[in-house]
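J.: Structure incoming, see below.
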Amino acid sequence: MLFENSSIRSLFLNGPAGRLEALLNGGSADATHAAVVCHPHPLYGGTLHNKVVFHTMKALGSFGFPVLRFNFRGTGLSEGEYAGGVGEVEDVRTALDWLECEFPVPIIFAGFSFGAAVGLRAAYADQRVRALIALGLPAAAIPADSGEDRVYDFEFLRTSTKPKLFVSGSRDQFAPPGKLEALVSTFADPKKLVRIEAGDHFFEGRLKEMRSAIENWLETDLLVADHRPLATSL
């Protein structure tokens with residue numbers, strides 16, 4: 001039986017641009033890992049309450065892991081201003097520092113869209129981070145007519161040997177068919193790519209499938225490889 005813990009702690013992290021609003025979903029007393037989940041673009045409505053972020057937290061929490069979500073600088077009650085994805089990398093490092101102090105166990109990083117692009121840059125070479133999960137990874141330039149105009153560079157993942165999971169909808173407008181597959185093929189092993197059939201960038205109507213993809217990977221790839229038992233409830 002998977003772990004269920006409804007305890008939620010509201011807190012603030014001391015970030016480089018000011019306090020960062022955060023929520024911690026409690027885990028089991030003998031948790032083998034802790035996790036952080038990063039939200040999508042703050043200028044386009046992304047917050048720690050995003051549905052994809054919430055369901056990712058639930059997937060990670062089902063294994064008894066404590067899961068930290070936080071708002072990037074300038075979002076919600078977080079202080080500071082949007083910093084073009086550069087300062088936000090430091091926000092992620094702040095979250096990793098806090099988790100290390102609270103939970104002396106390996107950390108799993110997860111991020112959605114902008115949160116994945118920014119967070120991967122902070123987490124890929126961090127020795128405290130055991131594995132990487134990227135949801136809705138932007139694999140193509142974001143078109144200007146979408147209200148954005150950004151190109152993300154993931155060259156650093158070509159040499160990252162951390163276990164990596166990529167989950168995107170088959171109709172993700174920011175990861176066209178073939179484009180994400182070609183990008184992920186350049187990354188170092190171990191890695192896994194899961195396309196959710198009929199899912200868009202936000203996994204609308206497909207959040208259950210997205211969550212299952214995360215849970216299945218954790219159970220069959222990451223935790224088995226670590227030779228650690230799954231957290232269970234009595």
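The values are calculated or read from the model by the stated rules, or taken from the named source; none is laboratory data. Keep in mind that what you see is a predicted model, and the values were worked out from it rather than measured. Here the Cβ positions follow ideal geometry from the backbone for every residue, glycine too, while neighbour counts run over all protein chains shown.
J.: Against the condition touching a Cys at 6+ places or on another chain (Cβ under 7 Å), closer than 23 Å to Gly26 by Cβ and crowded, with 24+ Cβ neighbours inside 10 Å, how does Val92 come out, does it pass?
T.: yes
J.: Which count do you get for residues in the stretch 176-234 that are part of a loop (DSSP other than H, G, I, E, B), at pLDDT 95 or above and not charged (D, E, K, R)?
T.: 10
J.: Residue check: is Glu81 of a type in the set (D, E, K, R) and part of a helix (DSSP H, G or I)?
T.: Answer is no for this residue.
J.: For Gly74, all conditions in the list (1) closer than 23 Å to Ile196 by Cα; (2) in contact (Cβ under 8 Å) with a residue 24 or more places away in the chain hold save one; what is the number of the exception?
T.: Failing condition for Gly74: (1).
J.: Applying the selection to the stretch 164-175, what residues are of a type outside the set (Lys, Arg) and not in a loop (DSSP other than H, G, I, E, B)?
T.: Once the filter is applied, which keeps residues that are of a type outside the set (Lys, Arg) and not in a loop (DSSP other than H, G, I, E, B), the stretch 164-175 yields Leu165, Phe166, Val167, Ser168, Gly169.
J.: In addition: Consider the stretch 112-131. How many of its residues are among the hydrophobic types (A, V, I, L, M, F, W, C), closer than 16 Å to Ile214 by Cα and surrounded by fewer than 24 Cβ atoms within 10 Å (Cβ to Cβ)?
T.: 0
J.: While we're looking at this one, here's another question. Give the stretch 178-212 a look and list any residue that's surrounded by fewer than 19 Cβ atoms within 10 Å (Cβ to Cβ), in contact with a Gly (Cβ under 9 Å, 6 or more places away or on another chain) and on the phi > 0 side of the Ramachandran plot, or say none.
T.: Answer for the stretch 178-212, where residues must be surrounded by fewer than 19 Cβ atoms within 10 Å (Cβ to Cβ), in contact with a Gly (Cβ under 9 Å, 6 or more places away or on another chain) and on the phi > 0 side of the Ramachandran plot: Ala198, Gly205.
J.: Next question, about the same structure. Name the pairs whose Cβ atoms lie under 8 Å apart, with the first residue in the stretch 13-30 and at positive phi and touching a residue at least 60 places away in the same chain (Cβ under 8 Å), the second surrounded by 17 or more Cβ atoms within 10 Å (Cβ to Cβ) and polar (S, T, N, Q), and 6 or more positions between them or separate chains?
T.: Qualifying pairs under 8 Å: Gly18/Ser78.
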